[in-house]
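As structure tokens, the structure follows; a few thoughts come after it.
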Amino acid sequence: MSELSVDPYDITVKSNGLRRRRIVEKVFGVLAIGSALLACGILLVVLGTLVYKGFSSLNVDFFTKARPLFGENGGVADALVGSALVVGMAMLMAIPVSVLVAIYMSEYAGPKVSRGLKIVLDVLNGVPAIVVGIFVFGILVVGHGQSAVYGAFALAILMLPMVARATQEILEIVPRSLRDASFALGVTKWRTTWSIVLPAAIGGILTGVVIAVARVAGETAPLLFTTSIAANEISTDVSHALPTLPVTIFVFSESPDPGEQSAAWAAALVLIAFVLVMNVLAKLFAGRKRRQLEGS
Amino acid sequence: MTSTPYEPAAAPESDLRRSGIRLGDVLFKGIAILAALAATVLLGWIAYKVFDLAWPAIQDFGLSFIWTEAWDPVTNQFGALIFIYGTIVTSLIALVIATPLSIAIALFLTEIAPRRVAAPIATMVELLAAIPSVVLGLWGILVFGPWVHNHLEPWIQDTPLGLLPVFSGVPLPGGSIFTAGLILTIMIIPITSAICRELFIRVPQDLTDGALALGSTRWEAIRGVMFAYAAPGIVAAVLLGLGRAFGEAIAVTQTIGNRNQIPPSWFEPGDSLGSKIASEYQGATSLEQASSILYLAAILMVISLATNVVAQLIVVRFERARRAV
């Protein structure tokens, strides 16, 4: 009876190298979990460092005063104002064009043209931010000098493909039946697009806009050549270079002065808080609107 | 019974209105076409303008600029090799480390983790991509760089890897090619893993089920079926990550150490294309001063555009093949 210790119905027993295969399977599982934990760990370490190093410098002065050329006190109010203006102008430039491009792709263009435009937008999205900065430097800054408007234009170029692709993707899942119902009532195409399709897709468009704003709010490279050489004072004159949050962090990060370094940490904490809030907002918009559209 | 279904008297007014309506349609379509054209022209204009800006330098230095190892403003000798080397090495370090990690993360999220665990982890990986490069660079220059220099680099030198010439030598403080490569790794993991995740989700369930039913383990099903199905997509995902790594300027310039020389060891400071351009921004007030920097920008644009276009072409072919199935 002792030779029957093997279960005759267990077909896996005779399989070659099952032990080895099971070990490989285990190792794979552990490595996969480990990789995911590593990525999460890096995020937490970076965020933790920012809070640890930056939180103590946050006070009222930090948000309301500019940093003097010499001395310890003061904040980054000048950069906050500058960033808000530059990003705001970039939104004004990029959003209308992006939405129109998306409308053309989903409502008017044939599948071939639409696919071509998708590639154009994706390649545009792949142009390095610093090259966009050089481009704007070449067409606008040379001969005119730096200005916040040129910085905004550079950021708008970066926003365009992001917002256009997000909008186009959401327009494509707006149900055909909504458009047909509108056409059947005799409504023209542009009115249908404007009053039926766009409102149905507004959640998805907002998601794209919010993510793009979060991305460009932290972009430094395109601003270096367009709006970086500026005085540390609160100004709203967009025809001149304005200090911005990313450029301020960049300059302070390479400073040997510990006071400037701690200002860099605090500014980075403010920037990342903004970026995270925008991303959470985007998630909320996206979840709700997609459910609505797919439910209808 | 003659019926009068149509009122001729009403026609002129309705025609008028209809032409007004048609005008709206034509205008709207026209504006949309213009916007689409503008986006296309913009891409071409960027490519043209960057070359146009670099043209004086291209004529001055010729093509040999690309393989000249020099950057000396005093003797007016300039070349791109130092920076091309830095760009390629940092990006390759990032590629080699990030690719397996990204694929493993994507597999964990799609194949292993229960939905309730996968969702928050996927969100965290996405947020990793949301960290602005300047913030990651700040962390890299003040926290991560010194840790790599004091702990990671000596540790690697104690392992058999330390025998390789690129890991030899005395690590220098103040940034290194290796640190910049690791920072780029962190930046491209979320990009590559997000695309891989989409790919793995779209692998038909019955294919993997078939493999499992034939007695393969989960890993064997993944290796034999999912990888085979998604291979072109994975290549595209890796290339998109690589394109991002090539083009990153800020985080690299903060962590690479900025030295105008090809270092014998990766644990020493070097420089990359994007990094060099970014670090010279204050010098770029006139075109003459900036011309060799603009040449670097043109090279960077060609490298990253080529990477991106190849990735896009792979995606297009992949989708066409899938539609044909």
Worksheet item: If we keep just the residues of the stretch B:127-142 that are among the small types (Gly, Ala, Ser) and surrounded by 20 or more Cβ atoms within 10 Å (Cβ to Cβ), which is farthest from the other protein chains (Cβ to nearest Cβ)?
Response: B:140
Worksheet item: Do the conditions hold for residue A:287, that is, is it within 14 Å of chain B (Cβ to nearest Cβ), touching a Pro at 6+ places or on another chain (Cβ under 6 Å) and under 24 Å from residue A:98 (Cα atoms)?
Response: no
Worksheet item: In the list A:160, A:117, A:124, A:185, which residue meets the criterion of being modelled with pLDDT of 90 or more, under 20 Å from residue A:84 (Cα atoms) and not small (Gly, Ala, Ser)?
Response: A:160
Practice prompt. Among the residues of the stretch B:49-85, count how many are out of contact with any Gly (no Cβ under 6 Å at 6 or more places or on another chain), in contact (Cβ under 8 Å) with a residue 60 or more places away in the chain and assigned to a helix (DSSP H, G or I).
Written response: 14
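One line per residue, one yes/no per condition, for (1) hydroxyl-bearing (Ser, Thr, Tyr); (2) within 12 Å of chain A (Cβ to nearest Cβ); (3) closer than 20 Å to residue B:268 by Cα:
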position	(1), (2), (3)
B:83	no, no, yes
B:103	no, yes, no
B:108	no, yes, no
B:118	no, yes, no
B:121	no, yes, no
B:125	no, yes, no
B:144	no, yes, yes
B:149	no, no, yes
Item to complete: Being touching a Pro at 6+ places or on another chain (Cβ under 9 Å) and either on the phi > 0 side of the Ramachandran plot or among the charged types (D, E, K, R) (or both) is the filter here, so list the residues in the stretch A:195-239 that pass it.
Response: A:215, A:219, A:233
Worksheet item: Among (1) assigned by TED's automatic domain parsing to the domain that holds residue A:231; (2) basic (Lys, Arg); (3) modelled with pLDDT of 90 or more, where does residue A:67 come up short?
Response: (3)
Worksheet item: Among (1) outside any helix (DSSP H, G or I); (2) within 26 Å of residue A:282 (Cα to Cα); (3) without any contact (Cβ under 8 Å) to a residue 40 or more places away in the chain, where does residue A:199 come up short?
Response: (1)
Worksheet item: Taking the condition at pLDDT 90 or above, crowded, with 22+ Cβ neighbours inside 10 Å and closer than 20 Å to residue A:242 by Cβ, does residue A:75 pass?
Response: no
Discussion item. Can you tell me which residue is nearest to the other protein chains (Cβ to nearest Cβ) among those in the stretch A:219-233 that are in contact with a Leu (Cβ under 8 Å, 6 or more places away or on another chain) and surrounded by fewer than 24 Cβ atoms within 10 Å (Cβ to Cβ)?
Written reply: A:230
Practice prompt. Just need a number here: residues in the stretch B:213-230 that are within 18 Å of residue A:27 (Cα to Cα) and more than 27 Å from the chain's Cα centre (by Cα).
Written response: 7
Practice prompt. Evaluate the following for residue A:87: is it modelled with pLDDT of 90 or more and either at the interface with chain B (Cβ under 9 Å from one of its Cβ atoms) or part of a loop (DSSP other than H, G, I, E, B) (or both)?
Written response: no
Item to complete: Go through the residues of the stretch A:208-218 one by one and say whether even a single one is more than 10 Å from chain B (Cβ to nearest Cβ) and surrounded by fewer than 16 Cβ atoms within 10 Å (Cβ to Cβ).
Response: no
Worksheet, complete the sentence: Checked the stretch A:270-283 for anything over 15 Å from residue A:211 (Cβ atoms) and more than 9 Å from every other protein chain (Cβ to nearest Cβ); matches are A:270, A:273
Worksheet item: Within the stretch B:293-316, can one find any residue that is at pLDDT below 85, assigned by TED's automatic domain parsing to the domain that holds residue B:166 and not aromatic (Phe, Trp, Tyr)?
Response: yes
Practice prompt. Have a look at B:183, B:222, B:188 and point out the one that is under 16 Å from residue B:311 (Cα atoms) and either among the hydrophobic types (A, V, I, L, M, F, W, C) or at pLDDT below 90 (or both).
Written response: B:188
Item to complete: May I ask you to say which residue of A:155, A:160, A:140 is in the same structural domain as residue A:286 (by TED's automatic domain parsing), within 26 Å of residue B:248 (Cβ to Cβ) and touching a Pro at 6+ places or on another chain (Cβ under 8 Å)?
Response: A:155
Item to complete: Test each condition in (1) assigned by TED's automatic domain parsing to the domain that holds residue A:194; (2) in a helix (DSSP H, G or I) for residue A:39 and report the one that comes out false.
Response: (1)
Item to complete: Scan the stretch B:237-257 and give yes if some residue there is more than 9 Å from chain A (Cβ to nearest Cβ) and surrounded by fewer than 21 Cβ atoms within 10 Å (Cβ to Cβ), otherwise no.
Response: no
Worksheet entry | Positions within the stretch B:22-73 being at the interface with chain A (Cβ under 9 Å from one of its Cβ atoms), of a type in the set (D, E, K, R) and under 28 Å from the mean Cα position of the chain (by Cα), in sequence order | B:49, B:52
Discussion item. I'm trying to understand the selection: among the residues of the stretch A:97-112, which are more than 8 Å from chain B (Cβ to nearest Cβ) and either not in a helix (DSSP H, G or I) or not hydroxyl-bearing (Ser, Thr, Tyr) (or both)?
Written reply: A:99, A:102, A:110, A:111, A:112
Fill in: Residue list for the stretch A:36-68, restricted to those being more than 8 Å from chain B (Cβ to nearest Cβ), aliphatic (A, V, I, L, M), touching a residue at least 24 places away in the same chain (Cβ under 8 Å) and under 29 Å from residue B:120 (Cβ atoms)
A:47, A:51, A:58
Discussion item. Could you check the stretch A:253-266 and list, in sequence order, the residues that are more than 8 Å from chain B (Cβ to nearest Cβ) and surrounded by 19 or more Cβ atoms within 10 Å (Cβ to Cβ)?
Written reply: A:263, A:266
Discussion item. Given (1) among the polar types (S, T, N, Q); (2) touching an Asp or Glu at 6+ places or on another chain (Cβ under 7 Å); (3) surrounded by fewer than 20 Cβ atoms within 10 Å (Cβ to Cβ), identify the lone condition not met by residue A:236.
Written reply: (2)
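The values are calculated or read from the model by the stated rules, or taken from the named source; none is laboratory data. Model, not experiment: these values are computed from the prediction. Reconstructed Cβ throughout: ideal geometry from the backbone, glycine too, with neighbour counts over all protein chains shown.
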